[in-house]
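Only one structure is covered here, and it is reproduced in the block below.
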Amino acid sequence: MKRFVYADNAATTPVSEHVFEVMKPWLTEFYGNPSSLYRIGQQAKNAVNTARAQVGKALNAAEPINEANDRKPGEIIFTGSGSQADNLAIRGFVEGPSNRGRRHIITSKIEHHAVLYTCEALEKEGWRVTYLDVDKLGRIDLDQLRSVISDDTAIVSVMAANNEIGTIQDLKAISEIAHAHGAVFHTDAVQAVGHMPIDVQAMGIDLLSLSAHKFRGPKGVGALYCRKGITLKPSVFGGGQERGWASGTENVAGMVGLGAAIEDAVSGMDEKMGYVRRLTDRLIEGVMKIPYTHLTGDPENRLPGTASFVFEAIEGEGLILRLDACGICSSTGSACSTGSLDPSHVLMAIGLPHEIAHGSLRLTLGEQNTEEDVDYMVESVTKVVDGLRAMSPVWVNGRPDLTAASNLH
Ligand SMILES: Cc1ncc(COP(=O)(O)O)c(C=O)c1O
């Protein structure tokens, strides 16, 4: 029987009932502007600072709010998205007063475009950027980092966990290398926060980006953790909100929602993520029974809900559309989103051959999924892959025929 299964939690997650309830009064009842001096304005300002403290606590920030001056936030800066937090962290740091003349940036080849395009833009403006390689499991090469870092390196920006293949990086090791050369360490933890433990102090993180909609909070609100003592150049100029680094009247309900969602996500995380991991393991076991299928990413150090595969002799887009017809929401790293048929930069960076990278599928589970969902997905993916291969010119006598593939190009 056809079901509806949402298995694209890395793209976004549904707002939880609890978060929704907590947000509502800040839209309808206490709608004041936090900069206003009358009561509902001040209530809104206090709510924003409570949310700030919740975010800081979840990350173990040392000084999440500024006790001495509540108009000047401490280490948590709210932004309009994870992308804005990434942009503010990298550009804001290298162009800001805390960077004393260093001109080199290090990042990795598998970052989200919010990081990669920021680095590419800075490169055009004269900054030197090194894009670190990753191995076939998606882990950055720490020796390569040691060999390229220098006293001219301003910032090392490496994501905590990858959005396509789920591989988790060794954040502490990276921060130690960065700090040994006087560079700061930024991590895009948009996929990681709420799904794995993060402790900015223990991990030596100076700047960290997160986004509420990846852990059952609302879309359009993110945050940047910025270690005390670091000063950034603002990304938006205006009313001076968020220490002047992210001006604009606060999205009070969104920030309150972020605070509640992060608190919910970290409480009982082990148990919830243990459940999600068991579901994901069951899914991987089932899907890997399909012949000529490969798991992508690190089988051990990966996000608990991420299952990503490539199927030989399959086109990712066809897969997604047919799974949608089965009621399953999934994604592929090989959509021709920009009109080009290139597979994603992540699948290329882990060294997958073009023709195999085209058949990628990402299923990302959350705590709202069930074993029945998983079994239905295994059955549907198996059926859809069989059906697509039966029509594929590069599937010959029950196996992929790469000579047929090369004839097609
Ligand atoms: C790793 C990573 N960084 C940044 C972002 C951007 O976050 P937002 O959608 O809040 O702009 C995403 C979103 O998918 C992501 O997966």
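No lab work stands behind these numbers, since they all come straight from the coordinates. Just so it is clear, the model here is predicted, and its values are computed rather than measured. As a convention, Cβ positions derive from the backbone with ideal geometry for all residues, glycine included, and neighbour counts pool all protein chains shown.
Cross-link list Lys24/Lys219; Lys2/Lys219; Lys289/Lys383: which exceed 22 angstrom alpha carbon to alpha carbon?
Working: Lys24/Lys219 15 Å; Lys2/Lys219 29 Å; Lys289/Lys383 12 Å.
Over 22 Å Cα-Cα: Lys2/Lys219.
What's the angle, to the nearest 10 degrees (0 to 90), between helix 113-124's Cα axis and the longest principal axis of the chain?
Taking Cα atoms only, the helix is inclined about 70 degrees.
Calculate for the chain the 222 nm mean residue ellipticity that helices alone would give, adding -39,500 (n - 2.57) per DSSP H run of length 4 or more and normalising by residue count, nearest 500 deg cm²/dmol.
On the way: 15 runs with 159 residues, N = 409.
Value at 222 nm, helices only, nearest 500: -11500 deg cm²/dmol.
First measure r as the distance between the Cβ atoms of Asp143 and Met391, then evaluate 1/(1 + (r/R0)^6) with R0 = 60 Å and state the FRET efficiency to the nearest 0.05.
Working: r = 45 Å, r/R0 = 0.76.
Efficiency for this residue pair is about 0.85.
Find the centroid of the Cα atoms in the range 102-166 and in the range 250-311, then give the distance between the two in whole Å.
Centre-to-centre distance over Cα atoms comes out at 24 Å.
Check the straight Cα-Cα distances from Lys109 and name the lysines below 20 Å, setting aside those fewer than 8 residues away within the same chain.
The reachable lysines, counting only those whose Cα sits under 20 Å from Lys109, are Lys124, Lys136, Lys172.
Around Ile314, with a cut-off of 11 angstrom between Cβ atoms, what is the net charge of the other residues, counting Lys and Arg +1 and Asp and Glu -1?
On the way: positive: Arg322, Arg389; negative: Glu312, Glu315, Glu317, Glu355, Asp386.
Combined, the nearby Lys, Arg, Asp and Glu give -3.
Within the chain, what's the longest stretch lacking chymotrypsin sites (Phe, Trp or Tyr not before Pro) that sit in DSSP loops with no more than 12 other Cβ atoms inside 10 Å? Kindly include the intermediate steps, with their values, before the conclusion.
On the way: sites that count: Phe4, Tyr38, Phe237.
Result, exposed sites excluded: 39-236.
Could you give the dipole magnitude of the range 17-266 about its Cα centre, charging the beta-carbon of Lys and Arg +1 and that of Asp and Glu -1, in debye to the nearest 20? Kindly include the intermediate steps, with their values, before the conclusion.
Working: 25 positive and 29 negative charges, 113 e Å.
So the magnitude is around 540 debye.
So what's the angle, to the nearest 10 degrees on a 0 to 90 scale, between helix 371-391 and the longest Cα principal axis of the chain?
50 degrees
Quick one: net charge of Tyr117's neighbours, Cβ under 14 Å, K/R +1, D/E -1? It would help to have the intermediate numbers written out before the result.
Values: positive: Arg91, Lys109, Lys124; negative: Asp86, Glu111, Glu120, Glu123, Glu125, Asp188.
Local net charge: -3.
If we count every other residue with Cβ under 13 angstrom of Ser344's Cβ, Lys/Arg +1 and Asp/Glu -1, where does the sum land?
-2
Loop only per DSSP, at most 14 neighbouring Cβ atoms within 10 Å: give me the trypsin sites (Lys or Arg not before Pro) in the range 108-157, ordered by residue number. Mind dumping the intermediate values first?
On the way: sites: Lys109, Lys124, Arg128, Lys136, Arg139, Arg146; in loops: Lys109, Lys136, Arg139.
Qualifying residues, ordered by number: Lys136.
Which whole number in µm²/s is D for the chain by Stokes-Einstein, with the Kirkwood Rh taken over Cα pairs at 10 °C and 1.306 mPa s? Don't jump to the answer; show the numbers that get you there.
Values: Rh = 22.2 Å.
This corresponds to a translational diffusion coefficient of 71 µm²/s.
If the reach is capped at under 16 angstrom between alpha carbons, list the lysines near Lys57, excluding any in the same chain fewer than eight residues apart.
Lys228
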